[in-house]
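The values are calculated or read from the model by the stated rules, or taken from the named source; none is laboratory data. It should be emphasised that the depicted structure is a prediction, and the values quoted were computed from it without experimental measurement. Here the Cβ is made from the backbone with ideal geometry for all residues, glycine too, and neighbour counts use every protein chain on show. Note: areas computed on protein heavy atoms with side chains; ligands, DNA, RNA excluded. Shrake-Rupley method; radii C 1.70, N 1.55, O 1.52, S 1.80 Å.
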Amino acid sequence: MKNWDSSLTGPQATLEEAIATMDRSALRIALIVDEARHLLGTLTDGDVRRALLKHMPLSIPVDQVMCKTPQVAQKDWTRERILAVMERMQLLQLPVVNEQGQVIGLETLHGLLDKRLISNPVFLMAGGFGTRLHPLTNDCPKPLLKVGDKPILELILESFIKAGFHRFFISTHYLPEMVRDHFGDGERWGVSIRYTHEETPLGTGGALGLLPQEEINEPIFVMNGDLLTTLNHQDLLDFHNSHNGVATMCVREYEHQVPYGVIQSEGHLIRSMVEKPVQKFFVNAGVYVLSPDLVKRVKPNTRLDMPTLLEEAIAKGEDVTMFPVHEYWLDIGRMEDFKRAQTEIDQFLI
């Protein structure tokens, strides 16, 4: 949506002036707006040709020639949904408006197709009870709790879509119908969403056994449905592919300060004293990329935690790599984390 401002013009501009606007912007469209940037209409090459065929003078106000009911996209539409509308309506451009009908962007077919689609599947875990977030989760699955104005899982889904992913699986257990009703088959976002259901909790590793494993022929992303992170998904995928391991686990550096002076001793002798030292560890960040071979080892309806699956691979001498997450990351497991997410949502959306 770069330089779309140059396509704006007012309703009293002449047709000639509007054509000049189209020429300067090189976007093949002029957006006709009022002083508050409310979209009044659009002028495209087709509108210009029709006006000239009717022998309308170039001095005519553009609002007498423009399309007064243009197709528009809403600000929360995904790339895939915009593409679907443009294909159905045979459009080369699509103005983006906010709730008030003000123009906030312009998508072009050329610009959208320049973005690469990523065919790797994404498996989002949304079956947990969220007991530490009671009473909020008494009648709502944790992934559907809203941070800002959207459910946690929707924010996660859209972050993957923005990166180019379009094949999704969601694992459900607690209140599964609410998750299915909200996300459906993904049509609202222009992506594919399919579901697996755990009759009894199988763990993050065991849920893999419910996937249509014959369709998992590329490395698959697995992510807990209660995380917010600005992790670069493409960087993670590139890292996994370049290291040829069976799995990559995202890790987060965790610091713990010992609240006392720590004594290093030898027998009865004190050799050193460190006042309130800070210890650093890498902890599991709840995001993984797994090879198809590893996924296919998991038998259906077998309870298995992801760490156990990875430990078994390590025991076989297979490479399991770690990818440090330095970007924003928040595990919404406790009430204080949920409240923190409400105040930090802008960091996630950047």
Review point. List pairs: first in segment 271-293 and over 29 Å from M223 (Cα atoms) and among the hydroxyl-bearing types (S, T, Y), second modelled with pLDDT under 95 and open to solvent by 60 Å² or more (accessible area, probe 1.4 Å), Cβ under 7 Å, 6+ apart or cross-chain?
Key: S272/Q264
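Could you pull out the residue among L310, L304 that is in a loop (DSSP other than H, G, I, E, B), aliphatic (A, V, I, L, M), surrounded by 12 or more Cβ atoms within 10 Å (Cβ to Cβ) and more than 25 Å from the chain's Cα centre (by Cα)? Step through it out loud before you land on a result.
On the way: L310 fails: in a loop (DSSP other than H, G, I, E, B).
Every option except L304 fails the conditions.
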Practice item. Filter segment 250-280 down to the residues that are exposed (fewer than 10 other Cβ atoms within 10 Å of the Cβ) and small (G, A, S), then identify the one that is nearest to V325 (Cα to Cα). Key: S272
Check your understanding: With (1) surrounded by 13 or more Cβ atoms within 10 Å (Cβ to Cβ); (2) in contact with a Gly (Cβ under 9 Å, 6 or more places away or on another chain); (3) of a type in the set (V, I, T); (4) over 30 Å from E218 (Cα atoms) as the list, and T69 as the residue in question, which single condition is left unmet?
Key -> (1)
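Listed here are the residues, each with its yes/no results for (1) at pLDDT 90 or above; (2) of a type in the set (G, A, S); (3) touching a strand residue (DSSP E or B) at 6+ places or on another chain (Cβ under 9 Å).
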position: M1; (1), (2), (3): no, no, yes
position: S6; (1), (2), (3): no, yes, no
position: T14; (1), (2), (3): yes, no, yes
position: L27; (1), (2), (3): no, no, yes
position: V33; (1), (2), (3): yes, no, yes
position: A36; (1), (2), (3): yes, yes, yes
position: T44; (1), (2), (3): yes, no, yes
position: R50; (1), (2), (3): yes, no, no
position: M66; (1), (2), (3): yes, no, yes
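Here is a check on your reading of the model: is Q74 touching a strand residue (DSSP E or B) at 6+ places or on another chain (Cβ under 6 Å), closer than 22 Å to G190 by Cβ and either open to solvent by 10 Å² or more (accessible area, probe 1.4 Å) or not hydroxyl-bearing (S, T, Y) (or both)? Steps first, please.
On the way: touching a strand residue (DSSP E or B) at 6+ places or on another chain (Cβ under 6 Å): no; closer than 22 Å to G190 by Cβ: yes; either open to solvent by 10 Å² or more (accessible area, probe 1.4 Å) or not hydroxyl-bearing (S, T, Y) (or both): yes.
No; evaluated as a whole, the condition is false for this residue.
Counting only residues that are open to solvent by 60 Å² or more (accessible area, probe 1.4 Å), in contact (Cβ under 8 Å) with a residue 60 or more places away in the chain and of a type in the set (S, T, N, Q), give me the strands (runs of 3 or more DSSP E) lying completely in segment 133-247 with at least 2 of them.
By residue number, no strands (runs of 3 or more DSSP E) qualify.
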Study note, to complete from the structure: Within segment 89-118, restricting to residues that are outside any loop (DSSP other than H, G, I, E, B) and more than 19 Å from R28 (Cα to Cα), the one that is most open to solvent (accessible area, probe 1.4 Å) is Q102
Exercise for review: Please specify each residue of segment 283-313 satisfying the condition of being within 21 Å of D235 (Cβ to Cβ) and either among the β-branched types (V, I, T) or touching a Lys or Arg at 6+ places or on another chain (Cβ under 7 Å) (or both).
Suggested key: V283, A285, V287, V289
Point to revise | Test result for V85, assigned to a strand (DSSP E or B) and either modelled with pLDDT under 90 or in contact with a strand residue (DSSP E or B) (Cβ under 7 Å, 6 or more places away or on another chain) (or both) | key: no
Check your understanding: Is one or more of the residues making up segment 282-293 open to solvent by 70 Å² or more (accessible area, probe 1.4 Å), of a type outside the set (K, R) and at pLDDT 95 or above?
Key -> yes
Revision key, fill the gap. Restricting segment 313-335 to residues that are of a type outside the set (D, E), open to solvent by 40 Å² or more (accessible area, probe 1.4 Å) and assigned to a loop (DSSP other than H, G, I, E, B), the one modelled with the lowest pLDDT turns out to be H326
